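Everything below concerns the one structure shown next.
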Amino acid sequence: MNLTVPRDVKTTCCYCGVGCGVIATTDGAQVLAVRGDPDHPANFGRLCSKGSALHTSASPLLRQQVRALVPELRRARGGPRAEASWDDTLDFVAQRIAATIAEHGPDSVAFYISGQLLTEDYYVFNKLAKGLIGTNNVDTNSRLCMSSAVAGYKQTLGADAPPNCYEDIDEAEVIFIVGSNTAFAHPILYRRLEDARKRNPALKVVVADPRRTDTARDADLFLPILPGTDVALFNGMLHLALWEGLTDGAFIAGHTDGFNELKDLVRDYTPRFVAEVCGIAEADLVMAARWFGQSKASLSLYCQGLNQSTHGTAKNAALINLHLATGQIGKPGAGPFSLTGQPNAMGGREVGGMANLLSAHRDLANPAHRAEVAALWGVESVPAKPGKTAVEMFDALASGEIKIIWIACTNPAQSMPDQKLIRMALEKAELVIVQEAYTSTATVPYADVLLPATTWAEKEGTVTNSERRITRLHPVLPKPGLTRHDWEIATNFAARLAPLLGKPAAPFTYAGTEQIWNEHRESTRGRDLDITGLSFKILDERGPQQWPFPEGAAVGRKRLYEDGVFPTANGRARFVVTPYLPVAEPVDARFPLHLTTGRLRDQWHGMSRSGTVAQAFAHAAEPSVVMARADMDRRMLRDGELVHVTSRRGSQILAAQAGEDMRAGQAFIAMHWGQEYLSGRGASHGVNVLTMPAFDPSSKQPELKHAAVKILKA
Ligand code: SF4
């Protein structure tokens, strides 16, 4: 690599699911600068505050200071980890896992991986767990992110396939944003929305959110719904659409099943009832329903406010019901468009890298699908028993049912709900393996084995963004220290484990990411996400492409279901009966405030990367709990005064701040701050010491968005 002549490398931003193209300028030793890729259809040259600081997060100094660079190992609990060779470390892990499988069976081992892995990393981890070890105990932090969207799409439309493309923002007449602070969480898409409004002043934006966020402040109509009341809102809008003749009878009759049952349900969701449940004005509800139903093209954008809920699947399904009933799907500018939280949660879903999924949208419960996957993988079989999902996995670790956990590219000691239990589970585990790029995460201290991994600017492979668009990542810098790529670590380990289990290692041997991706590509043949017409060469020469892109196609499909045919057994979409249920933990006299959680503009997840960027703190320098002025006054609190925020599971100390965006009776804490940022003030663990592990029965996604709390002066 030339160390003096700067060169440009095309790659992708590693933060959110918008999936912006990045051009990184490098001299081979550092990333000198980044700029948006003008040819990338996700961002056309733009980058947000996070993306435009990517080069500083990869500076040579930081790579020395905060990165895991050498394998570390402790052979017995109680002592410190010591540096070790890769050979010794992987041999140790392979022997421990083989011994544990022999004594307790394959389900005593679990993998907790990440929506920030590349598709190829995800693919080999999934194959390693299901195809070599023989357990479906492989789940990811996507369970905390998009699993309700997955379940909602599958129940209604028949497949986990977001039907829209970013161009739909340009074509919509009404954009309904719900459960998403798009201006902060998906900033470049929000810029696109702002451009669309400038071009078309008639475009109406409706935002439903418990907080008056920056996104809500810009809206033509803001519905400040009470936390968790989304299903009532959507059912109420459908009630009004029926009452006012705004449903699309021809579409319902021609392309859907189950509408009569849903009609019976929404009859009871009168405007008065819904306005009361949601805490909004009846007139605003009527206006939202009319705008949505009367427009030629209504597009919904939604994210964690719908997903991170014990009724997340119903919230997704109820919104999709509304689109189906009004014919707002399968045409330009219309449809239910889930915005993916993480950069490659989509890629993980495509390779089936979760406890209840199989490759290429196959069904784990279907014996024929399991046999197909086993044949594709070159292994004997794939186990039928569903694996443990995220919350269940850590419960099983705490109970001793799971003995060994391998955590890759994620930080459950900050991001999982009910931190007390998570940390107890990690302490109780017989072996904790952490595969990580950073030494600073809250999970690393629990590691018996630390496997140093490459990260953005060093990795190579593919990701898929929210609009089903696959982009290549190219390495900008060489691997630092002794780091290895995530897929490489998994396959190096498989080569050691396979002989110990008496199985062939060949199915787990790859020359590089292209070979892995080609195997994944073959698994999609004939499936709804067929990409057999694509190759690394096409992606490099013609740029990012959307799926499906089957063999013989000239381009990928930008919008799904334009023919009115859905990927169900009879080709018809299905209405789901979605009764409204309240939040899992109602407020009461002891815990009288609704706590909601969310993102800041310039930080990302647990801050392992964005926390190294000084300018990211200009927007919010330290954590706080934001409350309505009236609630501050009632507690005689001044701005900046320390308070105890306490739920039934734990407590933390934070500075209180009055926020104009808050309704009385509610409080908000950003999700990003963890132990290291709070410990100086006597607090710990971040907001998830307060949140609850209750999860949605279908998607198994926990209710990270809401908890009942009390707030008292510290
Ligand atoms: Fe990166 Fe998302 Fe910002 Fe684009 S919008 S630059 S993908 S963080």
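Observations, loosely collected:
- Residues located in the stretch 568-589, provided they are under 27 Å from Ile329 (Cα atoms), touching a Phe, Trp or Tyr at 6+ places or on another chain (Cβ under 9 Å) and assigned to a loop (DSSP other than H, G, I, E, B): Arg572, Phe575, Thr578, Tyr580
- Odd one out for Val645 among (1) of a type in the set (A, V, I, L, M); (2) touching a residue at least 60 places away in the same chain (Cβ under 8 Å); (3) surrounded by fewer than 17 Cβ atoms within 10 Å (Cβ to Cβ): (3)
- Within the stretch 661-707, restricting attention to residues that are part of a loop (DSSP other than H, G, I, E, B), out of contact with any Pro (no Cβ under 7 Å at 6 or more places or on another chain) and of a type in the set (S, T, N, Q), the residue that is modelled with the lowest pLDDT is Ser684.
- If you go through the stretch 204-224 and keep only what is within 15 Å of Arg663 (Cα to Cα) and part of a loop (DSSP other than H, G, I, E, B), you end up with Asp209, Pro210, Arg211, Arg212, Thr213, Pro224.
- Among residues of the stretch 341-383, those that are within 25 Å of Thr410 (Cβ to Cβ), assigned to a loop (DSSP other than H, G, I, E, B) and among the charged types (D, E, K, R), counted: 0
- Residues (touching a helix residue (DSSP H, G or I) at 6+ places or on another chain (Cβ under 9 Å) and near the ligand (Cβ under 8 Å from one of its atoms)) located in the stretch 23-55: Gly36, Ala42, Asn43, Arg46, Leu47, Cys48, Ser49, Lys50, Gly51
Let's see how each residue does on (1) surrounded by 21 or more Cβ atoms within 10 Å (Cβ to Cβ); (2) of a type in the set (A, V, I, L, M); (3) at pLDDT 95 or above:
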{"residue": "Cys20", "(1), (2), (3)": "yes, no, yes"}
{"residue": "Thr26", "(1), (2), (3)": "yes, no, yes"}
{"residue": "Ala29", "(1), (2), (3)": "no, yes, no"}
{"residue": "Leu32", "(1), (2), (3)": "no, yes, yes"}
{"residue": "Leu47", "(1), (2), (3)": "yes, yes, yes"}
{"residue": "Thr56", "(1), (2), (3)": "no, no, no"}
{"residue": "Pro60", "(1), (2), (3)": "no, no, no"}
{"residue": "Gln64", "(1), (2), (3)": "no, no, no"}
{"residue": "Ala68", "(1), (2), (3)": "yes, yes, yes"}
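- Any strands (runs of 3 or more DSSP E) falling wholly within the stretch 443-501 and containing at least 2 residues that are in contact (Cβ under 8 Å) with a residue 60 or more places away in the chain and among the hydrophobic types (A, V, I, L, M, F, W, C): 449-452, 469-473
- The set of residues in the stretch 154-203 that are assigned to a loop (DSSP other than H, G, I, E, B) and free of Cβ contacts under 8 Å to residues at least 60 places away in the same chain comprises Asn200, Pro201, Ala202, Leu203.
- Picking from residues in the stretch 298-350 that are modelled with pLDDT of 95 or more and β-branched (Val, Ile, Thr), the one that is farthest from the chain's Cα centre (by Cα) is Thr326.
- Any hit, the stretch 145-156, residues being over 20 Å from the mean Cα position of the chain (by Cα), closer than 19 Å to Arg468 by Cα and away from the ligand (no atom under 16 Å from the Cβ): yes
- Options Glu276, Glu282: the member that is touching a Pro at 6+ places or on another chain (Cβ under 6 Å) and at pLDDT 95 or above: Glu282
Residue by residue, here is whether (1) within 16 Å of the ligand (Cβ to nearest atom); (2) in the same structural domain as Asn465 (by TED's automatic domain parsing); (3) surrounded by 23 or more Cβ atoms within 10 Å (Cβ to Cβ); (4) modelled with pLDDT of 95 or more holds:
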{"residue": "Glu194", "(1), (2), (3), (4)": "yes, no, no, yes"}
{"residue": "Arg197", "(1), (2), (3), (4)": "no, no, no, yes"}
{"residue": "Leu203", "(1), (2), (3), (4)": "no, no, no, yes"}
{"residue": "Pro227", "(1), (2), (3), (4)": "no, no, yes, yes"}
{"residue": "Phe234", "(1), (2), (3), (4)": "no, no, yes, yes"}
{"residue": "Glu244", "(1), (2), (3), (4)": "no, no, no, yes"}
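This table checks each residue for (1) buried (at least 18 other Cβ atoms within 10 Å of the Cβ); (2) closer than 15 Å to Ala129 by Cβ.
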| position | (1), (2) |
| --- | --- |
| Ala371 | no, no |
| Ile402 | yes, yes |
| Met416 | yes, no |
| Val432 | yes, no |
| Tyr438 | yes, no |
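- Filtered residues of the stretch 166-189 (kept if of a type in the set (Ser, Thr, Tyr) and within 11 Å of the ligand (Cβ to nearest atom)): Thr182
- Residues satisfying the stated conditions in the stretch 74-99, i.e. out of contact with any Asp or Glu (no Cβ under 7 Å at 6 or more places or on another chain), surrounded by fewer than 21 Cβ atoms within 10 Å (Cβ to Cβ) and not in a loop (DSSP other than H, G, I, E, B): Trp86, Asp87, Asp88, Asp91, Phe92, Ala94, Gln95, Arg96, Ala98, Ala99
- Per-region count, the stretch 280-289, residues surrounded by fewer than 21 Cβ atoms within 10 Å (Cβ to Cβ) and without any contact (Cβ under 8 Å) to a residue 60 or more places away in the chain: 4
So that you can scan it fast, the table gives a plain yes or no per residue for (1) part of a helix (DSSP H, G or I); (2) under 21 Å from Met607 (Cα atoms):
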residue	(1), (2)
Lys385	no, no
Ala396	yes, no
Thr410	no, yes
Glu427	yes, no
Val432	no, no
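- Within the stretch 588-613, the set of residues being out of contact with any strand residue (DSSP E or B) (no Cβ under 8 Å at 6 or more places or on another chain) and in contact (Cβ under 8 Å) with a residue 60 or more places away in the chain comprises Arg601, Asp602, Trp604, His605, Gly606, Met607, Ser610, Gly611, Thr612, Val613.
- Restricting attention to the stretch 7-22 and to residues that are assigned to a loop (DSSP other than H, G, I, E, B) and small (Gly, Ala, Ser), the residue that is nearest to the ligand (Cβ to nearest atom) turns out to be Gly19.
- Failed item in (1) surrounded by 14 or more Cβ atoms within 10 Å (Cβ to Cβ); (2) under 27 Å from Lys50 (Cβ atoms), with Val587 passing the rest: (2)
- Taking residues in the stretch 42-63 that are under 18 Å from Gln342 (Cβ atoms) and in a helix (DSSP H, G or I), and partners anywhere that are modelled with pLDDT under 95 and not hydrophobic (A, V, I, L, M, F, W, C), the pairs with Cβ atoms closer than 6 Å and at least 6 places apart or on different chains are Ser57/Arg609; Ser57/Thr612.
- Unmet criterion (only one of (1) outside the structural domain of Glu488 (by TED's automatic domain parsing); (2) surrounded by fewer than 21 Cβ atoms within 10 Å (Cβ to Cβ)) for Ala42: (2)
- Hits in the stretch 550-564 - residues which are under 24 Å from the mean Cα position of the chain (by Cα) and closer than 21 Å to His40 by Cβ: Gly556, Arg557, Lys558, Arg559
- In the stretch 522-534, the residues that are crowded, with 20+ Cβ neighbours inside 10 Å and either free of Cβ contacts under 8 Å to residues at least 12 places away in the same chain or part of a helix (DSSP H, G or I) (or both): Ser523
- Residues of the stretch 618-641 classified as crowded, with 16+ Cβ neighbours inside 10 Å and farther than 16 Å from Ala664 by Cβ, total: 3
The values are calculated or read from the model by the stated rules, or taken from the named source; none is laboratory data. Because the structure is a prediction, the values reported are computed rather than measured. Note that each Cβ is placed from the backbone with ideal geometry, even for glycine, and that neighbours are counted across all protein chains shown.
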